[in-house]
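Engineer: Just passing along the structure, written as structure tokens.
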Amino acid sequence: MSEQPTDGTHDVIILGSGPAGLTAAVYAARANLAPLLVEGVVEGGPTGGQLTLTTDVENFPGFPEGIMGPELITNMRSQAERFGTSFVTEDVVRADLSARPFTLETASGVTLRSRSLIVATGAKPRRLDVPGEDELWGSGVSACATCDGFFFRDRHVIVVGGGDSAMEEATFLTKFAAKVTIVHRREEFRASAIMVDRAQRNEKVEFALNATVTRVNGADGVVSSVTLEDTVTGEQRDLACDGVFLAIGHIPNTWLFDGVLDTDDEGYLVVDDPSTRTNVEGVFACGDVMDHTYRQAITAAGTGCRAAIDAERWLADQDD
Ligand code: NAP
């Protein structure tokens, strides 16, 4: 039987296929480390990371006309492959970092071994945790306007959140929806002024400020309204709508390493800045799983580069 990319002990395994993981793969591959990249590491997460759920990326240097998120990821993946990265498309269900080589177990029961590990598992969309949300998830409640906006042609949808994502998603959704209401729990926005301005100037966009969603109402897989609570007066009211898009931030995907890799108060992996070293020797972290400040494709790619260089130097030290 021919050798599989999963056989043997690797010098470096990279967990995660967003810009951080793929950049780490390009660098590790060009350093002759023949990295194995596990894509689809986290159950339900998109292969290629959050960027595959984006439309135009206008701020990634090198693309003066912008580039579509999925295309950018496809290009990065081809580049990593060209220099010798192997790929495994599976969820990882267990990680043992207590001894080296580290072992990872995939959902189909394959055990992967590696001398070093780069964690680039990203972050997943935060949920509201209100009644009706789970029941109507995927049937009117979504965290991805790019994926689901199309289904809401000429409808009224709400977008929850006051950050850049909320403004971006709301503006994007006006391509389809007749009306988009941004529901935000405060009067001030976390989003940058230019993004707020763009949403405010769009005549299809309305705002419900000082409001939280306390319930998603609907039946038979169809959303009919949300119940809003005024954060100042406590008053409750129903707002009729056909769809609910969440843009309330992300939660880092660290559960594989609970109690093993150090995290900060918000759950992000802690690294020994300016390096990408975690508290476990031979394990490095990059991208959104360790960055709650910048969270940009370009900063994720930058930390991916750093992680690969850190891993390469650490492996060289071990060999010495
Ligand atoms: P974010 O900046 O963390 O904003 C999350 C928003 O959701 C905040 O307004 C927050 O309210 C609200 N929120 C959080 N939990 C909530 C809850 N349980 N109920 C109701 N509201 C809740 O997240 P983001 O908008 O996803 O942006 C993340 C990063 O990506 C940022 O650095 C952003 O600049 C960047 N980004 C950039 C672009 C772009 O440049 N094109 C597009 C998207 C994202 P509070 O404000 O009250 O805390």
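Laboratory data are not the source of any read-out in this text; all were calculated from the coordinates shown. Quick caveat, the model's predicted, so the values are computed rather than measured. Positions of Cβ are generated from backbone atoms using ideal geometry, with glycine treated the same way; all protein chains shown enter the neighbour counts.
Engineer: Cα convex hull of the stretch 1-84: mean projected area in nm², to one decimal?
Structural biologist: Numbers: hull surface 25.7 nm².
Averaged projected hull area, Cα only: 6.4 nm².
Engineer: If one takes the longest principal axis of the Cα atoms in the chain, at what angle in degrees, from 0 to 90 and to the nearest 10, does the Cα axis of helix 19-30 lie?
Structural biologist: 20
Engineer: Rg and Dmax of the stretch 42-195, using alpha carbons, in Å: what are they?
Structural biologist: 19.2, 57
Engineer: Here is a further query. Could I get the Rg over Rh figure for the chain? Both from C-alpha atoms, Rh via Kirkwood, rounded to two places.
Structural biologist: On the way: Rg = 21.2 Å, Rh = 20.8 Å.
Taking Rh as the inverse mean 1/r over Cα pairs, Rg/Rh reads 1.02.
Engineer: Where q = 0.13, 0.14, 0.16, 0.31 Å⁻¹, what log10 of I(q)/I(0) comes from the Debye formula for the stretch 138-194, counting one point per Cα?
Structural biologist: -0.30, -0.34, -0.45, -1.33
Engineer: Thinking of the stretch 174-245 as a set of Cα atoms, what percent of all their pairs are more than 14 Å apart? Don't jump to the answer; show the numbers that get you there.
Structural biologist: On the way: 1628 of 2556 pairs.
The proportion of pairs with Cα distances above 14 Å equals 64 percent.
Engineer: Additional query: Scan the stretch 1-105 for GluC sites (Glu not before Pro) in coil per DSSP, keeping those whose Cβ has at most 10 other Cβ atoms within 10 Å, and list them by number.
Structural biologist: On the way: sites: Glu3, Glu39, Glu43, Glu58, Glu65, Glu71, Glu81, Glu90, Glu105; in loops: Glu3, Glu43, Glu58, Glu65, Glu90.
Sites meeting the loop and neighbour criteria: Glu3, Glu58, Glu65.
Engineer: A further question follows. Can you work out D for the stretch 176-320 in µm² s⁻¹ from Stokes-Einstein, where Rh is the Kirkwood radius over C-alpha pairs, the temperature is 4 °C and the viscosity is 1.567 mPa s?
Structural biologist: So the translational diffusion coefficient is about 69 µm²/s.
Engineer: Let me ask something else. Relative contact order of the chain: what whole-number percent is it, with Cα pairs under 8 angstrom and at least 6 residues apart?
Structural biologist: Numbers: 749 pairs, mean separation 64.6, N = 320.
It rounds to 20 percent for the chain.
Engineer: Can you give the local net charge around Asp129? Use residues other than it whose beta-carbon is closer than 15 angstrom to its beta-carbon, Lys and Arg +1, Asp and Glu -1. Intermediate values should be presented prior to the final figure.
Structural biologist: Working: positive: Lys124, Arg126, Arg127, Arg185, Arg215; negative: Glu133, Asp134, Glu135, Glu229.
So the environment of Asp129 carries a net charge of +1.
Engineer: If you don't mind, another one. Can you give me the orientation-averaged projected area of the convex hull built on the Cα atoms of the stretch 60-145, in nm²?
Structural biologist: Numbers: hull surface 38.3 nm².
Quarter of the Cα hull surface area: 9.6 nm².
Engineer: Would you list which aspartates and glutamates come within 16 Å of Lys179, measuring only between C-alpha atoms, while excluding same-chain residues fewer than 8 positions from it?
Structural biologist: Asp148, Asp154, Glu168, Glu169, Glu203, Glu206, Asp242
Engineer: DSSP loop GluC sites (Glu not before Pro) in the stretch 166-205 with at most 15 other Cβ atoms within 10 Å of their Cβ, which ones? Provide the component values of the computation, followed by the final result.
Structural biologist: Working: sites: Glu168, Glu169, Glu187, Glu188, Glu203; in loops: Glu187, Glu188, Glu203.
Here the GluC sites (Glu not before Pro) that fit, given the DSSP loop and packing criteria, are Glu187, Glu188, Glu203.
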